[in-house]
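Here is the structure we will look at, set down as structure tokens.
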Amino acid sequence: MELPEETEPCKEGDHGKFEVTDRDGWARIGILHTSTDMLDTPTLLPVVNPNILTVKPSEMWDMGFRGLITNSYVIWKHEKLKEHALSRGVHDLLDYPGVIMTDSGTFQQYIYGDVEVGEVEVVEFQRNIGVDIATMMDVFGRPDMSFEELAEAVAETARRGPAALEAAGATLLNGPIQGGTHSVLREASARLMSGMDFAVHPIGGIVPLMENQRYRELVEIIVSSKNGLTPERPVHLFGCGHPMLFPICIALGVDLFDSAAYALFAKDNRLLTPTGTVKLDGLKEWPEDSWVLRNTTPKKVREMADDERHTLLARHNLAVTNSEIHRCRQAVRDGEIWHLVEKRSHCNPYLREATVWLYDNLPDELVHNTVACRVGGVQWSQDLPRQPRVARAKRWMTWRPPHVDHLGRDCDVEDRRLLVFHNRQGPWRETIGHQVLEAVRRWPQLVPLIYTPIGIVPFSLEDLNPFAHTFGPNHLWDLTADVGPLLLDHPNPEIIEQVENLYPVEVPIGNIIFHDANAPLETLFEVLEQSIGPADQDVMENSTIADVQDYFRRWGIADKIAIFTHLQYGAYHPAIPELEFVMSRTGRVNNVLHDGVHLFSQRLTDGGLSLTIDGAKWVHERGTNDELEWNPSMMPSVIVNSDAEPFVRQGRSVMHGFIVGTEGEPQTGTPCLVLNEAGELLGHGIARCDYTDMMAFRKGIAVKVKDGVGDAGD
Ligand code: GUN
């Protein structure tokens, strides 16, 4: 069969490789390279029963489905299908040009108790009919089985792996994960299957859970499977196809779905929507639009003959499914997948339960790989404070107050008083800047902090996304909105905990002052006088507002050096008084220079700090200088082999496959240095994945290099 022009077979050497082009936490946008086509993920493979084609595969292709799944056992059992598939291939049998995955008969074994085909025979058959991705005969682990039985299903599936892989030859093979609802078994199964050369890992045995809406257990299963899986292979969820579940599953790193839901629901006269299913009976209007239903009405569809109606509803269900997949993909790219998770969680109580469980049990690794600081507004929502991005922002924001006050006098962190402003939205340099400067000028031991609905942030980092760019109604910034003004004297333990987490040393509660930023300046002075004592007149005479302003500017940059380079305080603080600034037209620091050399640029859009190549050299030198008496930590670094060295020196990105190691745990979206094996700096850039993915993946960009140091002799 002629493949239409749109299919793009993989390049030689890329067969079976999975490339990830965008990530958000565990969610990923990828490409699975197969010999038929490059399959964009996440995607759904509609289940095609070769005996009952409710919607023809060629029509699915036209609708945009680049892959489908069918059952090799069904083909094997039916002589006519078998003969056709063996002689002309499965693509010809189904009249479908895209990627074809086949299942092995495991599901039939689960439903009927037995199958006639042998475990190795069914894999050989799949290879012989030319499928793109075959499936070994795994042992279906039912959730009602005992722990011992499930452990045996896991072990037996793994035992069958080597023979199945041999029978598959060059054909890509699915290595399913079993283990019922036991996290230990799922994780063990994932580790066992990851140890073999499978191309894709489906998570199996979940259909009975889906049928009973046991979504919390589904989520637990995905998390524990992911914990044991090697990251560079796509993860498939066997038998999950309700669009309502896509966002949460995709947020947890599922790349492939398959489902017969589109046809099964159609047969039951039900329509899929991204928020649930709707019965055709009784409908006067369409609750969910699709191009399929555009020229008809529920009444007309009810009056159709059964077959015609089922096909039409199946088409609609496919269209809705596809558009939800696209919505999810775009949400991953936009960093919005968790907002979609939240929205969908409100569609179904069991899904809400699963989502809340997930917030309570967010995997550390997922949080670490979430990019906290990026351009754009952050819409407040009920779940926002619990979402991975906010959890990440709080952990990532390392901070310590300077060891000197604005007059350059030593000032122990223990002696500081913390002044938490609340009840004002940003930009705080404009809304509360005046109060902060006036107060600190009088009481130099003050450390101003800002209360935001996603956490407390130091005033020196007032422009940092996401804290600075969260938007929502004013009352969210008001600490007393729920509990009244008394809170200011008896602060909520949660708020105290936040301050304690942020501040590097234990602070006596009496040293924390909460203040309504809408009160007049005189009130602030009264409060400070009462709790600290009169303002220091000497200090007043010896400093100006401009001194205080310069102090915050300088130490704000210091805070950002710590956050964006991971250098320890001792490695950069001596340079802070020597920094020079080039200011923007609006009076913010644009470029940061040291000894006349431009080291950093402040990103005015998200409050981040970008390194120049000289900045990378400065950081590298400070992070590795043995002569310094302090113990500087190293900026996260990626070490490449000699093949990659000349390319990185020229500013070309680091590709997977050329990395020999990492230092300081680079994380997705964060700046890193690129070094050779001798530890010499080659360039710097932004990590596209974390350090485990860096080593595991074989294709794609690992570090988007921003600049290289030039050729060795330059
Ligand atoms: N289809 C639905 N669940 C499963 C499973 O656990 N294994 C296989 N092979 N196919 C499935």
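Inter-part distance, segment 425-462 to segment 197-225, computed on C-alpha centroids, equals 47 Å. In terms of accessible area, using a 1.4 Å probe and ignoring ligands and nucleic acids, 112, 73 rank largest first as 112, 73. Here is the list for segment 504-605: GluC sites (Glu not before Pro) lying in DSSP coil, each with at most 12 other C-beta atoms within 10 angstrom of its C-beta, are 506.
Report, in whole Å, the centroid distance computed from the Cα atoms of segment 66-118 and segment 271-331. So the two Cα centres are separated by 28 Å. Looking at segment 280-369, the chymotrypsin sites (Phe, Trp or Tyr not before Pro) that sit in a DSSP loop and have at most 13 other Cβ atoms within 10 Å of their own Cβ are 291. Of the GluC sites (Glu not before Pro) found in segment 629-690, those in coil by DSSP whose Cβ has at most 16 other Cβ atoms within 10 Å are 629, 677, 680. Among beta bridges identified by DSSP and lying wholly in the chain, the antiparallel ones come to about 55 percent. Here the Karplus relation 6.51 cos²θ - 1.76 cosθ + 1.60, evaluated at θ = phi - 60°, turns the backbone of segment 102-108 into coupling constants of 10, 9, 10, x, 4, 5, 5 Hz, with x for every Gly and Pro.
Backbone amide hydrogens, once placed in the peptide plane, bring residue 470 within less than 5 Å of 378, excluding anything fewer than 5 places away on its chain.
Label separation (residue 128 vs residue 590): 7.2 nm, computed from points 7 Å beyond Cα along the C-beta direction. The H on the amide N of residue 698, modeled in the peptide plane, is under 5 Å from the matching H of 18, each at least 5 residues off or on a different chain. On C-alpha positions alone, give me the angle between the axis of helix 545-565 and the longest principal axis of the chain, in degrees, nearest 10. In the chain, helix 545-565 runs at an angle near 30 degrees to the longest axis.
Accessible surface calculations at 1.4 Å, restricted to protein heavy atoms, place segment 529-608 at 46 Å² per residue. Ligands, DNA and RNA excluded, the heavy atoms of residue 441 present near 50 Å² of accessible surface to a 1.4 Å solvent probe. Our coupling estimate for segment 162-167, obtained by passing each phi through the Karplus curve with A = 6.51, B = -1.76, C = 1.60 and θ = phi - 60°, is x, 5, 5, 5, 5, 5 Hz, Gly and Pro reported as x. With a cut-off of 11 Å between beta carbons, the residues surrounding residue 602 carry a summed charge of +2, where Lys and Arg count +1 and Asp and Glu -1. Against the chain, whose longest principal axis is taken from its Cα atoms, helix 493-502 shows a tilt of about 80°. Modelled spin-label separation between residue 641 and residue 159, with each label point placed 7 Å from Cα along the Cα-to-Cβ direction: 3.8 nm.
Accessible surface calculations at 1.4 Å, restricted to protein heavy atoms, place segment 33-78 at 32 Å² per residue. Remark: segment 125-258 carries 28 Å² of accessible area per residue (probe radius 1.4 Å; ligands, DNA and RNA excluded).
Direction-averaged projected area, Cα convex hull, segment 143-188: 3.3 nm², rounded to one decimal.
Taking all protein chains together, 658, 125 sort by accessible area into 658, 125, largest first [probe 1.4 Å].
Cross-link pairs exceeding 31 Å in C-alpha to C-alpha distance, out of 80/300; 11/706; 267/343; 17/394; 17/279, comprise 80/300; 17/394; 17/279.
Our coupling estimate for segment 254-265, obtained by passing each phi through the Karplus curve with A = 6.51, B = -1.76, C = 1.60 and θ = phi - 60°, is 7, 9, 9, 10, 9, 6, 9, 3, 4, 7, 5, 5 Hz, Gly and Pro reported as x.
Backbone amide hydrogens, once placed in the peptide plane, bring residue 513 within less than 5 Å of 418, 419, 420, excluding anything fewer than 5 places away on its chain. Any idea what angle helix 349-360 forms with the longest principal axis of the chain, computed on alpha-carbon atoms, 0 to 90 degrees, nearest 10? Its long axis makes an angle of about 40 degrees.
Nonpolar atom fraction for the chain, defined as the carbon and sulfur part of the 1.4 Å probe accessible area, stands at 47 percent.
The values are calculated or read from the model by the stated rules, or taken from the named source; none is laboratory data. Because the structure is predicted, anything quoted here is derived from the model rather than measured. When we count neighbours, we look across all protein chains shown, and the Cβ atoms used for this are built from the backbone with ideal geometry, even at glycine. Protein only, heavy atoms only, side chains kept; ligands, DNA and RNA dropped before computing areas. Shrake-Rupley method; radii C 1.70, N 1.55, O 1.52, S 1.80 Å.
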